[in-house]
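Working notes, beginning with the structure itself.
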Amino acid sequence: MMMKKILIIEDDPAVSDYLKTFFEDNGYNAFTAMTAQGGYDLAKQEHPDLITLDIELPDEWGPRFYRKLAADKSLKNTPVIVISGLSGNKYAITKAVASLSKPFDRDELLKIVKETIG
Amino acid sequence: MPEGSLCNKQPIQTDAALKTLLSDTGGRQYYQEMKSLDVDRGLLRDTIEKTCKSRIRTWLSICAHCGMCADSCFFYRINDRDPKQVPAYKIQSTLGEIIRRKGNVDNAFMHMAMETAWAKCTCCNRCGLYCPHGIDMGVMFSYLRGLLYQQGFVPWEMKIGAGMHRVYNAQMDVTDEEFIDTFLWMAEENEEEYPGLTIPIDKVGADILYTVNAREVKHYPEDLAQAAILFHLAGENWTVTSKGWEQTSLAMFAGDWAACKMQVESVYDAMERLKPKRMVGTECGHAHRATVVEGPYWAGRKDGLPPVESIHYVEWLAEALRTGKLKIDPARRIKEPVTLQDSCNYVRNHGLKEITREIIRYIVEPGYFIDMSPNREHNYCCGGGGGFNGIGLYREQRNKALITKRDQIIKTGAKLVLAPCHNCWDAIRDLEETYQIGIRWSFLKPLVLGMVEIPEHLKPKE
Amino acid sequence: MFKKILFATSATNACDHAARVAFDMARRYNAHIDAFHVIGVPTRGFSQVVVDLTTGEQVALDDNYRDLVKEEIRAYYDHQIKPSMDCAIEVAVGEAHREILRLARRTQPDIIVMGGSTGATGAYAARRNITGSTFQQVAKAAHCPVMVINRPAGSFWGGFSNIVFGTDFSESADTAFAFAFDLAKTFDCELLLLHALDITGCQINTLHSQDDIDDQIRKARQQMRFRYISKMRDFKNYEVDVWEGIPFVEIVKYAREKHADLIVMGHHTRKKTGDGEGALGSVAEQVILRANCPVISINRPIPR
């Protein structure tokens with residue numbers, strides 16, 4: 001079976017590296033983007049099974065990235081997990097699979113990822 | 001130190017002096033200086049000789065110390081019937097003593113007299129009603145305040161208030177330009193909803209000259225808007241003056257006689273200049289007392305009347321409702337238990353006790369009005385009259401003084417209190433803030449505006 | 001279109017979401033921004049005592065206190081005020097809505113941005129128990145568009161791209177349309193026009209037949225074409241919809257489905273608010289409370 005692909009969109013390198021290592025340790029193929037545009041290009045190219053998304057990105061707000069994603073037929077059903085330090089983030093993308101606040105519990109994250117894509 | 005740099009016998013004359021005094025937060029330095037302020041005994045003696053006429057001297061000498069006034073005073077009642085709160089004692093131990101000693105009193109005495117004059121009496125004049133000799137302690141306390149002001153023993157806010165009148169001809173730092181601009185702003189804000197709404201400025205020969213309280217201009221311009229809209233809906237030929245528009249007088253509370261005269265003359269000048277048929281003042285009690293009741297004497301008018309007939313807002317409103325100039329939509333009348341605060345200054349002291357009740361008949365559904373007990377000329381002061389509301393030094397005493405009114409209101413069971421007086425309105429607001437009894441309070445204007453029928457020709461076109 | 005922003009704030013977390021949008025706009029559009037805070041209501045008659053709305057404490061007001069509050073506000077928004085930003089901090093004393101309107105009259109901003117709640121605490125808040133009476137009164141009287149960000153969700157946003165214009169075909173809706181259209185053209189946005197057909201007025205037993213409803217929808221679409229589409233000439237980036245239901249619910253749902261980043265509506269209130277404390281009655285006010293994005297309400301034609 002092919003390894004499931006997770007796209008991490010996160011501008012903080014520390015968080016991004018941490019997530020990448022964490023997902024890889026748990027048997028996923030993870031790759032990262034620092035910006036919304038970079039994330040979108042990578043999603044188009046790789047068609048990930050799941051995306052983790054920060055709300056505050058240098059070039060764009062997360063919800064706007066999500067809207068672009070939702071407008072693309074081939075990407076619109078990609079599950080998204082919001083990981084952000086901003087308050088009230090669970091309202092930001094109502095269709096997200098889950099919204100986690102930083103600092104997040106990695107076991108909880110893993111549980112959500114497993115439930116979502118196996 | 002005979003005179004302090006802030007606390008002294010000189011009235012505030014300039015904006016700079018006003019700002020300096022204001023910047024002494026809470027009057028800290030001011031009250032410190034007051035502790036070593038000299039009493040000018042010669043001046044005090046001369047002033048009494050010149051100004052203390054036979055009425056006050058007679059009152060002081062015929063007082064039989066019978067104590068009938070004790071229970072009339074809400075301070076006495078809420079302060080565990082402390083004998084030192086009996087009106088006769090309060091005035092005899094201050095003004096009476098100054099006169100008996102021919103002004104030979106010291107700093108400590110003046111401090112005591114100041115506290116008595118501003119924190120133990122609101123000049124509500126209720127005791128005068130119960131004195132078998134008709135001795136009016138309220139009037140005498142006003143006189144005592146004048147003596148204290150002259151000597152510099154006056155609460156910080158009162159000195160500022162009187163200074164405002166001297167510098168701005170208004171109780172707050174509102175200029176004539178700001179007054180007009182604010183009124184025009186209110187017309188702007190409401191002209192869509194009320195087409196044709198304008199503010200006639202300096203119109204000569206109008207039926208009504210409207211005068212206000214500077215606080216409305218400064219913080220509650222809605223009040224100006226509501227007044228303008230109601231005149232507009234009633235089809236009145238009215239105007240405001242660009243000079244002499246301030247009806248109130250903190251100078252009266254402060255005992256600054258010269259400023260009282262100056263202030264009221266500015267309003268009378270406007271009357272002489274614009275020759276209106278009548279003057280209507282806003283919903284304020286002491287403003288009416290200052291401009292209509294006492295003002296003519298300050299200004300030395302022989303007939304004891306202002307230059308033109310001057311009425312309180314409630315008189316105009318009752319008339320407008322009575323004659324049908326304003327029509328109330330019966331469906332929108334007040335349909336909840338409601339009570340009324342009788343303002344001492346135009347009810348007990350100027351007899352307008354039935355006129356407010358007439359208004360109530362028009363605007364309250366029958367069966368919902370509950371009078372306080374006692375009421376009309378027997379009603380108690382709101383607890384913050386005579387400047388008491390504004391004096392930080394006596395905040396604690398003032399909050400205690402609100403208890404009388406609080407309990408009167410609670411007894412009615414009403415949750416809405418009509419308060420057609422700025423001072424009462426403030427005191428009732430403060431009592432809700434302090435004691436949280438769950439009431440609302442309102443001037444008449446906003447309530448009437450919410451229930452008045454708009455004549456077809458004045459409605460906005462849809 | 002946005003060269004001068006008046007951001008009215010309680011400088012507490014109640015306004016954090018509005019702050020995010022206001023400062024983001026200032027940066028994005030190189031606008032001047034006035035962060036404006038009303039310290040509190042003058043209490044005790046003419047005294048110098050003010051109840052600070054934020055703390056509920058009584059304070060003796062003087063220049064020191066004003067400066068202190070200004071410094072606090074600057075510190076509070078320090079991470080959002082960029083060095084290049086043209087930002088001024090202003091404070092005043094009085095009733096919040098009145099002072100906001102007073103400043104707006106003086107400075108003539110292109111837009112007022114505010115949070116839905118003033119964040120008042122203590123006795124004062126208890127007394128004014130109706131949320132957001134400040135924004136109601138500002139929205140009613142302001143001569144410029146008023147943007148309210150009431151919910152956190154409303155603040156996750158960056159620039160305009162997708163605008164929902166909700167209309168009830170009233171005069172103030174026409175005014176709001178003119179503004180929304182201008183905005184869509186200026187910032188190259190998609191404009192989504194929605195009329196929510198109100199079917200809440202009918203009782204169950206007199207419920208309209210679906211034929212009736214469809215007829216009304218058809219009529220509403222004609223209105224849309226007549227009132228708005230005809231005025232858009234060569235502007236093509238739009239959609240028109242008519243949904244039936246409870247109007248504010250439909251507008252909120254529609255905006256969510258379309259991932260709108262802005263809703264523009266007429267404030268449309270001729271109703272009396274008594275002594276300034278009306279219930280949150282109008283559709284616009286309900287949308288403001290519930291939307292997932294900032295809401296701009298317009299009550300008066302905008303002077304050009």
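If we count every other residue with Cβ under 14 angstrom of C:His208's Cβ, Lys/Arg +1 and Asp/Glu -1, where does the sum land?
-4
Return the FRET efficiency for the residue pair C:Lys3, B:Thr175: r is the Cβ-Cβ distance, R0 is 35 Å, and the value is rounded to the nearest 0.05.
Computed FRET efficiency for C:Lys3 and B:Thr175: 0.70.
Just to confirm a number: summing +1 for Lys and Arg and -1 for Asp and Glu over residues other than B:Gly383 whose beta-carbon lies under 9 angstrom from that of B:Gly383, what do you get?
Net local charge, B:Gly383 excluded: +3.
Roughly how many nanometres apart are two label points built 7 Å out from the Cα toward the Cβ at A:Glu24 and B:Glu272?
Computed distance between label sites A:Glu24 and B:Glu272 equals 9.5 nm.
Which residue, chosen from A:Ile8, A:Ala92, A:Pro103, occupies the Cα position most advanced towards the positive end of the dipole of region A:5-117, where the dipole is computed from +1 (Lys, Arg) and -1 (Asp, Glu) charges on Cβ about the Cα centre?
Going by the charge dipole, the pick is A:Ala92.
Assigning unit charges at the beta carbon (Lys, Arg +1; Asp, Glu -1) and nothing else, what dipole magnitude in debye, to the nearest 20, does region A:14-91 show about its Cα centre?
420 debye
Just report the Cα centroid separation between region A:40-54 and region C:144-175, whole Å.
With region A:40-54 and region C:144-175 each reduced to a Cα centre, they are spaced 31 Å.
What's the center-to-center distance, using Cα atoms, between region B:366-428 and region B:1-72 in Å?
Taking the Cα centre of region B:1-72 as reference, the centre of region B:366-428 is 27 Å away.
For region C:228-271 and region B:434-462, write down the distance between their C-alpha centroids in whole Å.
Rounded to whole Å, the Cα centres lie 33 Å apart.
For chain B, how big is Rg over Rh, using alpha carbon atoms and the Kirkwood form of Rh?
With Rh from the inverse mean 1/r over Cα pairs, Rg/Rh is 0.97.
Work out how far the C-alpha atoms of region B:168-321 reach from end to end along every principal axis, then list the three figures in whole Å, largest first.
Reported extents, whole Å, longest axis first: 45, 30, 25.
Please list, in order along region A:101-109, the HN-Hα scalar couplings obtained from phi with the Karplus expression 6.51 cos²θ - 1.76 cosθ + 1.60 (θ = phi - 60°), rounded to whole Hz, x for Gly and Pro.
9, 6, x, 10, 8, 5, 5, 5, 4
Shape call for region B:337-462 from the C-alpha gyration tensor, a ≥ b ≥ c root eigenvalues: rounded (a/c under 1.5), prolate (a/b greater than b/c) or oblate?
Prolate.
For region B:292-304, what does the Karplus curve 6.51 cos²θ - 1.76 cosθ + 1.60, with θ = phi - 60°, yield as ³J(HN,Hα) per residue in whole Hz, taken in order and with x for Gly and Pro?
Whole-Hz 3J(HN,Hα) from phi for region B:292-304: 9, 8, 9, x, x, 6, 4, 7, x, 7, 4, 7, x.
Suppose R0 equals 51 Å; then what is the FRET efficiency for B:Asp207 and C:Glu257 from their Cβ-Cβ distance, rounded to the nearest 0.05?
After rounding to 0.05, the efficiency reads 0.30.
Between rounded, prolate and oblate, where does region A:1-111 land on the alpha carbon gyration tensor, with a ≥ b ≥ c its root eigenvalues, rounded for a/c under 1.5, else prolate if a/b exceeds b/c?
Cα axes put region A:1-111 in the rounded bin.
Compute the length gained on full extension between B:Glu193 and B:Glu3: take 0.36 nm times their separation in residues and subtract their Cα-Cα distance, giving the result in nm to one decimal.
That works out to 62.8 nm of additional length.
Summarise the partner chain shielding of C:150-158 as one whole number: the mean count of Cβ atoms from other chains within 10 Å of each residue's Cβ.
The per-residue average across the peptide is 6.
Return the long-range amide H neighbours of A:Leu75 (sequence gap of 5 or more, or a different chain), with a cut-off of under 5 Å between placed amide H atoms.
Under 5 Å from the amide H of A:Leu75: no residue qualifies.
Once Rh is set to the Kirkwood radius over Cα pairs, what Stokes-Einstein translational diffusion coefficient, in µm²/s, holds for the protein assembly as shown at a temperature of 4 °C and a viscosity of 1.567 mPa s?
This corresponds to a translational diffusion coefficient of 42 µm²/s.
State, to one decimal in nm, how far the label point of C:Val249 lies from the label point of B:Ala331, with both points 7 Å from Cα in the Cβ direction.
The answer from the label model is 2.7 nm.
Between B:Cys66 and B:Asp46, what is the FRET efficiency for a Förster distance of 25 Å, r being their Cβ-Cβ separation, to the nearest 0.05?
Once the sixth-power term is evaluated, E becomes 0.15.
Note down the nm distance, to one decimal, between modelled labels 7 Å out along Cα→Cβ at C:Asp214 and at B:Lys411.
Using points 7 Å along Cα→Cβ, the separation is 7.0 nm.
Count the DSSP beta bridges whose two residues both fall in the protein assembly as shown, then state the antiparallel fraction as a percent rounded to the nearest 5.
10 percent
Sort A:Thr78, B:Thr198 by Cβ crowding within 10 Å, fewest neighbours at the top.
Fewest to most other Cβ atoms nearby, the residues stand as B:Thr198, A:Thr78.
So which of B:Lys275/B:Lys327; B:Lys159/C:Lys4; A:Lys44/C:Lys219; A:Lys95/C:Lys4; B:Lys19/B:Lys102 end up more than 32 Å apart, counting from Cα to Cα?
Violating the 32 Å limit, Cα to Cα: B:Lys159/C:Lys4; A:Lys44/C:Lys219; A:Lys95/C:Lys4; B:Lys19/B:Lys102.
Read-outs: derived from the displayed coordinates by stated rules, not from any lab. Fair warning: this is a prediction, and the values are worked out from it, not measured in the lab. A quick note on method: Cβ atoms are made from the backbone with ideal geometry, for glycine too, and the neighbour counts reach across all protein chains shown.
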